[in-house]
Structures are given as C-alpha cells and as structure tokens.
Amino acid sequence: MMKLLALTAAILLTAGSSSPAAYLKLGATLDGHVIDATWHQQPIGFFISDRAGNGVTSTELRGAVERAAATWSAVSSATVRLSFQGMTSAPAEGTDGRNTIGFIDRPDLDRVLGATSFMIDDQTGAIYEADIFFNTSFAFSVAPDGQPGRVDLESVALHELGHLLGLGHSAIGETERTGSGGRRVLGSGAVMFPIALTAGAIADRVLQADDIAGISDLYPGAAAINETGGIVGRITKNGQGVNGAHIVAFSPETGILVGNFTLTPQGDFVIARLPPGPYILRVEPVDDAEPDSFFATPIDADFRVTYAPRMVVAPKGGSSNAIEIRVLPK
Amino acid sequence: MIGFRGQVGAAGSVAGLLLVMATAAFAQDSPALREHRVTINAGAIVLGGYDIGSSSAKLRGNGTGSTPSSFTLLVADSAFTRVTAPELRVGVSLTKRVAIEFGATFGHPRIGIGISGDAESAAQQLPGETLEQYLFDGGVNWQVPLNLGRHLAPFVTAGAGYLRQLHEDRTLVETGQNYYAGGGARYWLRGGHGEAWPAGLRGEFRVNMRRRGIDFEDKMRAYPTVSVLFFIGV
C-alpha cells in the first residue's frame, strides 16, 4: 500500500520552519522500524516546470538543475542516475506520478528557499514521486561566479536533489544567532546542512565528504561496499543512552568530516561509508540549527561537546568495534 | 684566520696519530668478535617519541566567490609517545670488526592527541590510541679500531628496516620503512679474545628516520632510540 507521507525537506535562508522526520537519510516507519527511503528504479526522471522565477528563466532553471543532477550522478562510489525528461506546464507540487521541479509562489514561507515533498511506499520505503519547488519570494541567480544579493540556484538545487534522492539534513556546520532571531552560517561541512550560505555564495555547488558518504550509503556502488568502512558506537550520559546526539568523524589523515546522529533511545550510532583509516570522534548537541530540522521527536541536547578518548578505525569493508562515549550534562 | 687554520691542522695531526696508535693497539688488547660466528643479542630498547602531524578540521566559510575563507572546527596535534620494548638482534661476524645484523622489536606505542581551537570545548589532551608495532631491520655493525681496554670496544652501525603498525582495534595495518645510524659499545664480561662462548653487554644509541607508517602529514620523521642488550656468541 502506498501513501503520501508528510515528508517535506527544505533548505532555509535562516531557521524557523520545520522539516520533520529527516536525519542523515530520510525514512519510512515499517512495523516500528525505520527503513531508508530510496528510489528502487533508476534512472530517476524529472520534469522542469516552465514557469520563470525571480531573476531566472525556466531554461536557466533547467540548466542549474541539470548541473546539480550531474554533480550527484558523478559520485563514483554511488550508483545514482538522474535524467531530464522534458519541460512541463504542471506545477512542482501535488500528486501526478511525475517528479516535477519548478518555481512556486510561497510568500508564507518567508525563510524557505526551496523544499522537496515525497510519495513513499510505506511498506518498502520506495520513493515513487518527489517534487521540488523553489520559492519565488527570493531572488535567485545562475551566474557562473554567483551574484551578490541573489541566492545561487544551482546550490539550492543540489541540496534539494539530495533530499529527492533520500538524504536528510546534515548537522556539520556552525552558526550564530542573528538579531532577527534567525541564524547565520559561520561554516558548513555539507551541502545538506539545513541553512543556506549567504546570498551570492557558490561554495555549495560542490559536494562534501559528508554528502558523498550519505549518498554512497543509500546507493552504494561496488567501490563503496568494498573500499569503505564504518564506525559504530553508543553515546551515554549518566549511564543512559543519548538520543539525537551528533557525532562527527574527523580524519586527521585526509581532513574529511562525516557525521551522523544517535537514532535510538539507547544512544546507538553508525557512521557508514568512510574511507578506511583512523578517525577522531567529536560528539556535540544539535544546537547549530533547530532540532526539528533533523528530528520529528524530542532529542537530548543537554550535554557538553565531548571527544572520544581514542581514535577509532574505520576498517576497509567492515565496521569498527563499538565504542562508548560518555558525555556530561552542561 | 691563519691561527685558526693552524689549530685545525694540529688537531688533525693529533687525531691521526691517535688513530694509528689505536689501530696498532687494537690487534693486541681490544676485545673483538669471533670471525664467522653468530652473536645473539637480547634486551630492551627505548624508542623516543615524535610528532606525526597537525591537522585542522575545516568547514567552508560563509563567503562569496569560489574559494571563501574556511572556518576551523578543531585542530588535532598527534604524537607518538616514548615506549620501551624488547629487542632481539642476531649478528653474523664477517671479520673480527664487521658483522651483519638482523633485529626485531615488538612494542605498544601510544598515539596521544592534543585538541585545540574548538570554540565549544576547552583545549585538551586525549589519552589516544595504543598500537601494536613490529620493526624488522637489517644492517652493518663495524667495530671501531679504538683501544678502550681489554673489555670494551666501540662500534658504529647503520641499516634499514620494515615497520608494521596495527591500530588498537586490530582492523587496520599501516606499514613503512625505518632507516637508522648510530653507535655504541660492547663490554665483554667473558671472552673477547678468541675464547668460546663470549658474552657481555651492549649499549647503543641510534638516530632513526621513519617513512610512512602512521603519519598524518606523510613526512619523514626523526626519533632517537637507546638500547641495552645482553649478548652471547655461539
């Protein structure tokens, strides 16, 4: 049985809107277990709505989306194929059996640059339809070097296509509060970070290690299965598991950063598809974006940033021995 | 300048004279290895610590342009700590002064990690990770012709080896090379002048250059070793 799950994942200009049920990977709940939401058939075709946006024609939109699709398809450790099917007059919303990407007027979402909605088979986790809209309330640009004051459309398209493929939000980023109650990004380690870079920035046209690990986990190619490893463990506080802790694996050899969350009341976590090698683990509460950008349920953010006492090795083709990291309340 | 050159010349002459005297005395008084015989050495070696690199976890900064400035999440400085390990060396003497040697060491060095630059956490030293480390080497040992008495003889040595390091979980192996040069002395407690079953003590200092193995900057690293071994000729 198929049903339209209330899954909407958005990229925000600043925080303030919710995107429920999202973490590293989007999921559907089956018999109490969360299964990955993925496309079971490829290539994944998409249509471009022929409506223009604020400063961008539909042809320019198509170009930006196709460049972003090519970026995801180029990840060598994953098997992702996205295919442009044509232009359409249909809006980028609703249920019509087509994946439609386009501009929509959403003045009510005054902090949402774009969002992705899904139709998912709640028995298998198969995604059957996904639409992406970009909010015409914002001025976009497709200039090769970016345009001051305008949001780079290719960067937002790359983020939303990540959602379309089944990725949730990454928490690898640092932000600060602004006077208007929103957040400003200080640094970001993933295209899938929920808060966009400043208007005019184009750095989010390039996937980061966290994005690549995530897509390789959802659609693993032979290289991802044989040549990568995982780290498993548990985060505890006062002997109890911590739900919703963010763990970042940092490789001192390569400099890459890949993160994931504890997703059970016991505080268990898995960071998969890592290049083999030793990693420093940093555990932090989710406090650089609103928790509901990642979780639909309450999480524990009352603990201090903590490092694992030792490095943990992600072995080639396997997983580490489980490590327990004990955190202290703030 | 003239005076300085004169002093060098005089010093050189004295050294040359001493070497001639020592060489002459070596055959009569200094102990020596037995030709074409095997010497087994066993004891302890102290491997000095050394840095294996500083690495920064960087996020992309929030700026315009294709290469905005980065944001540092943390800085990790890693180093091997000093470790004491057992050492076994087997030598085969080609002459009374020259021997080829093969050695093996097994130890548990620790990688310590210093964390700094984290805006949300104080600078701290993490206990780090304990490794299993194997070092197999081979080299040449030359007994210097200096007369230091009937029991003591200095030597110099140089060689190269194979390094194998296993991370704490024993799930990842890293390999490298080790090159060394150094010197020391043997002190014969028994024999040393042609008798059977010579035995004694040996002290040695080396400067090592390590290439590859666990290193976060992939640089050649220098570190010292000091060893004390008991030896017996068979």
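The values are calculated or read from the model by the stated rules, or taken from the named source; none is laboratory data. Given the structure is predicted, the values throughout are model-derived calculations rather than measurements. Cβ atoms come from the backbone with ideal geometry, glycine included; neighbour counts cover every protein chain shown.
Quick look at the numbers
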| read-out | value |
| --- | --- |
| Matching option when the condition is touching a Phe, Trp or Tyr at 6+ places or on another chain (Cβ under 8 Å), of a type in the set (A, V, I, L, M, F, W, C) and at pLDDT below 95, among B:146, B:163, B:201 | B:146 |
| Check on residue A:301, hydrophobic (A, V, I, L, M, F, W, C), surrounded by fewer than 18 Cβ atoms within 10 Å (Cβ to Cβ) and not assigned by TED's automatic domain parsing to the domain that holds residue A:183 | yes |
| Matching residues, region B:105-136, being of a type in the set (Val, Ile, Thr), within 11 Å of another protein chain (Cβ to nearest Cβ) and either in a loop (DSSP other than H, G, I, E, B) or more than 18 Å from residue A:248 (Cβ to Cβ) (or both) | B:111, B:130 |
| Residue that is modelled with the lowest pLDDT [pool: residues in region A:121-145 that are in a strand (DSSP E or B) and of a type in the set (Val, Ile, Thr)] | A:127 |
| Output for region A:301-329, where each listed residue is away from every other protein chain (no Cβ under 11 Å) and assigned to a loop (DSSP other than H, G, I, E, B) | A:301, A:302, A:303, A:328, A:329 |
| Test: residue in region A:285-300 that is within 10 Å of chain B (Cβ to nearest Cβ), in contact (Cβ under 8 Å) with a residue 40 or more places away in the chain and either outside any loop (DSSP other than H, G, I, E, B) or within 30 Å of residue B:130 (Cα to Cα) (or both) | yes |
| Any hit, region A:149-165, residues being facing chain B (nearest Cβ under 7 Å), surrounded by fewer than 24 Cβ atoms within 10 Å (Cβ to Cβ) and at negative phi | no |
| Matching residues, region B:77-104, being within 12 Å of chain A (Cβ to nearest Cβ) and in contact (Cβ under 8 Å) with a residue 60 or more places away in the chain | B:78 |
| Candidate set from region A:205-235 (those that are modelled with pLDDT under 95 and charged (D, E, K, R)); member that is surrounded by the most Cβ atoms within 10 Å (Cβ to Cβ) | A:217 |
| Only listed residue being within 21 Å of residue B:230 (Cβ to Cβ) and outside any strand (DSSP E or B), chosen from B:139, B:194, B:159 | B:194 |
